[in-house]
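J.: One structure follows; several queries about it will come next.
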Amino acid sequence: MKLNPKIYKFTAVFAILGMLTAGIVYYRLPNRHKAIVKTYLLQHSGLVDNQWEISNKMQHYTMISPAFYIDGIYKSMEGPKSSNYVQLSQDTTLLWITGFHVKAVNDDNKKQISNDFICHTNIDFNDVKYFSNFHLDDRIGKQYPRMTSLSHGLEHFKFPNGYGIPMKGNDLLYVTTESLNHNIPDANFLIKHEVKIDYLKNSSAYKPLMSRTVYIMLPYDKYDPYKCPVDPGKDYCIPVETKNHSYEDGQGNKLSGHWVIPIGKHTYRSSIDNQLQITTDSLRLHAAAVHVHPFATSLTLWDKTAKKSIFTSNMVNHTNKIGLSKIDAFCSETGTWMLKDHEYELVLEVDNTTNVTQDMMGSMFLFFYDEELDRIVHQK
């Protein structure tokens, strides 16, 4: 049967309209979502390397990400990213995680390049399986199951000697690593991230750590969130967006963990008591990893009751371009006590030295000695 020529015309018209519509929709997407679309198309079409390279030997689990196409400016939380599951062993042997590392490498020869192309690397765990393995079901669902995060300025993080996070070898971690480019607008190249997890076997003398994630949350106007200038009488922030990193305080007010900072020096503070969840009389802090964005200058874990600092992380920003050269972490075998009947907050200092607004976050991943888990893993 001969097809009507009009069918071809209609098909061509609909195809052109479809491509135009897709182009308009793509053009209107935020930079972050454009990166997701481009990365998906490039990796699933096979135009770039789309496989993770895995190596697990000498008690270092190493993996190299698929290729990330850097084709312009990608600020924090915007760049191409990829995720992968990690299984440190094939059995239930008790392992101790002791450190995390990430570095940016060349796509071709895997040689290290500038860490300015690292946004963050998140290490998440399945809290249902993890806590069930240790018969700690009452901990399930109490906090977002993020073990820690590395980011630009803090690409290496290790626990103090004699401490680690215990887990069964065949349990799963979920690693997401995201790229960054603050300074090269005409970029046109491929990079990868090399992620490494340090772990030990049969370390009977090791003491277990539990993680707590705390972060600054600032109120914003839920009816007009992007209003500028913000009414200083209401102490509102301007969220970067209201879909991600947006929370409620239980009283109908909206809070953002990712907000806009104006030009100049500013201070932000936020209570973290609900995030800490100190249920016993006290907890002993042994390590803390910090996540902030460029133009942050310090983040302090502040004891509001005692009016003193528990730990201050100082940041070194690049002097001739945007980025973080160094973020201080906390690591102590002795540890420092935090008390249930004290109030705590995070205090963030920033200095936006550019002539435009920038985005900001302030988080700490705190690691406390876990006495209950110590009794379980060592059968005390």
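The values are calculated or read from the model by the stated rules, or taken from the named source; none is laboratory data. Computed from a prediction, not measured in an experiment: that's the story for all the values here. Cβ sites come from the backbone with ideal geometry, for glycine too, and all protein chains shown count toward neighbours. Side chains included, ligands, DNA and RNA excluded: accessible areas come from the protein's heavy atoms. Shrake-Rupley method; radii C 1.70, N 1.55, O 1.52, S 1.80 Å.
J.: Can you sort 268, 215 by solvent-accessible area, 1.4 Å probe, largest first? Show your work: numbers first, answer last.
T.: Working: 268 35, 215 55 Å².
Listed by decreasing accessible area, they come as 215, 268.
J.: To continue, here is another question. What number, rounded to the nearest 500 deg cm²/dmol, is the helix-based mean residue ellipticity at 222 nm of the chain, given -39500 (n - 2.57) per DSSP H run of at least four residues and division by all its residues? The partial results should precede the final answer.
T.: Details: 5 runs with 57 residues, N = 380.
Per the formula, -4500 deg cm²/dmol.
J.: In whole angstrom, how long is each semi-axis of the equivalent ellipsoid of the range 233-380, when you take the square root of 5 times every eigenvalue of its Cα gyration tensor and sort them from largest down?
T.: On the way: eigenvalues 182, 77, 38 Å².
Working from the Cα gyration tensor, I get semi-axes of 30, 20, 14 Å.
J.: Please turn the phi angles of the range 358-369 into ³J(HN,Hα) values with the Karplus equation 6.51 cos²θ - 1.76 cosθ + 1.60 (θ = phi - 60°), one per residue in order, whole Hz, x for glycine and proline.
T.: With coefficients 6.51, -1.76 and 1.60, one gets 10, 9, 8, 9, x, 9, 9, 9, 9, 10, 10, 4 Hz.
J.: Just to verify a number: what accessible area does residue 139 come out at with the full protein assembly present, 1.4 Å probe, Å² rounded to tens?
T.: 50
J.: Quick check: pseudo-label points 7 Å beyond the Cα along Cα→Cβ at residue 247 and residue 375, how many nm apart are they?
T.: With each label point 7 Å from Cα toward Cβ, the separation is 3.0 nm.
J.: Also, quick follow-up: Could you give the alpha-carbon Rg of the range 163-222 over 2.2 N^0.38 Å, rounded to two decimals? Kindly include the intermediate steps, with their values, before the conclusion.
T.: Working: Rg = 19.0 Å, N = 60, 2.2 N^0.38 = 10.4 Å.
Here the answer is 1.83, to two decimals.
J.: How big is the range 112-164 along each principal axis, measuring the range of its Cα positions in Å and listing the largest first?
T.: 43, 25, 16
J.: Return one whole number: the accessible area per residue of the chain in Å², for a 1.4 Å probe.
T.: On the way: 19350 Å² over 380 residues.
Result: 51 Å² of accessible area for each residue.
J.: For 368, 131, write out the residues from largest to smallest accessible area, computed with a 1.4 angstrom probe and no ligands counted.
T.: Values: 368 0, 131 30 Å².
Result, largest first: 131, 368.
J.: Could you sort 261, 278 by accessible area so the largest value comes first, with the probe set to 1.4 Å?
T.: Working: 261 0, 278 25 Å².
So, going from the largest accessible area down, we get 278, 261.
J.: What fraction, in whole percent, of alpha-carbon pairs in the chain exceed 30 Å separation? Numbers along the way, then the final one.
T.: Values: 32732 of 72010 pairs.
Cα-Cα pairs of the chain separated by over 30 Å account for 45 percent.
J.: Rounded to a whole number of µm²/s, how large is the Stokes-Einstein D of the range 41-139 at 20 °C and 1.002 mPa s, given Rh as the Kirkwood radius over C-alpha pairs?
T.: In µm²/s, the coefficient is 132.
J.: Separate question: Can you give the local net charge around residue 131? Use residues other than it whose beta-carbon is closer than 13 angstrom to its beta-carbon, Lys and Arg +1, Asp and Glu -1. Mind dumping the intermediate values first?
T.: Working: positive: 129, 139, 142, 168; negative: 127, 137, 138, 171, 370, 372.
Around residue 131, the surrounding residues sum to -2.
J.: Divide, for the range 288-327, the radius of gyration over alpha carbons by 2.2 N^0.38 Å, where N is the residue count. Please report the intermediate quantities before stating the final value.
T.: Values: Rg = 12.1 Å, N = 40, 2.2 N^0.38 = 8.9 Å.
Its radius of gyration relative to the 2.2 N^0.38 Å reference: 1.35.
J.: Cut-off 17 Å, label point 7 angstrom out along Cα-to-Cβ of residue 308: give me the residues of the range 261-300 whose amide nitrogen falls inside.
T.: 282-286, 300
J.: I'd like to compare 342-352, 286-296, 190-200: which one has the highest average count of other Cβ atoms within 10 Å, and what's the full order after that?
T.: On the way: 342-352: 18.9, 286-296: 25.1, 190-200: 20.5.
Highest to lowest by the protection proxy: 286-296, 190-200, 342-352.
J.: Roughly what would the spin-label model give for residue 279 and residue 318, points 7 Å off Cα along C-beta, in nm?
T.: For the pair residue 279/residue 318, the computed spacing is 4.5 nm.
J.: Quick one: which of 196/243; 307/340; 110/158 span more than 26 angstrom between C-alpha atoms?
T.: Values: 196/243 31 Å; 307/340 15 Å; 110/158 23 Å.
Long pairs (Cα-Cα over 26 Å): 196/243.
J.: While we're looking at this one, here's another question. So, R0 is 25 Å and r is the distance between the beta-carbons of residue 36 and residue 136; what FRET efficiency does that work out to, to 0.05?
T.: Working: r = 35 Å, r/R0 = 1.41.
Here the calculated transfer efficiency is 0.10.
J.: Still on this structure: Please compute P(r) over all alpha-carbon pairs of the range 332-380, binned at 5 Å starting from zero, and give each bin as a whole-number percent.
T.: In order of increasing distance, the bins hold 4, 10, 15, 16, 15, 11, 9, 8, 5, 3, 2, 1 percent.
J.: Here's a follow-up. Under the classification rounded if a/c is under 1.5, otherwise prolate if a/b is larger than b/c and oblate if not, where does the range 247-317 fall, given a ≥ b ≥ c as square roots of the Cα gyration tensor eigenvalues?
T.: Note, shape of the range 247-317 comes out oblate.
J.: Measure off, as a whole percent, the carbon and sulfur share of the 1.4 Å-probe accessible area of the chain, all protein chains present.
T.: Details: 10290 of 19350 Å².
Summing carbon and sulfur atoms, their accessible area is 53 percent of the total for the chain.
J.: Using 0.36 nm per residue, how much length does the chain from residue 205 to residue 89 gain when fully extended, once their Cα-Cα distance is taken away?
T.: On the way: separation 116, 0.36 × 116 = 41.76 nm, distance 2.08 nm.
Using 0.36 nm per residue and subtracting the Cα-Cα distance, I get 39.7 nm.
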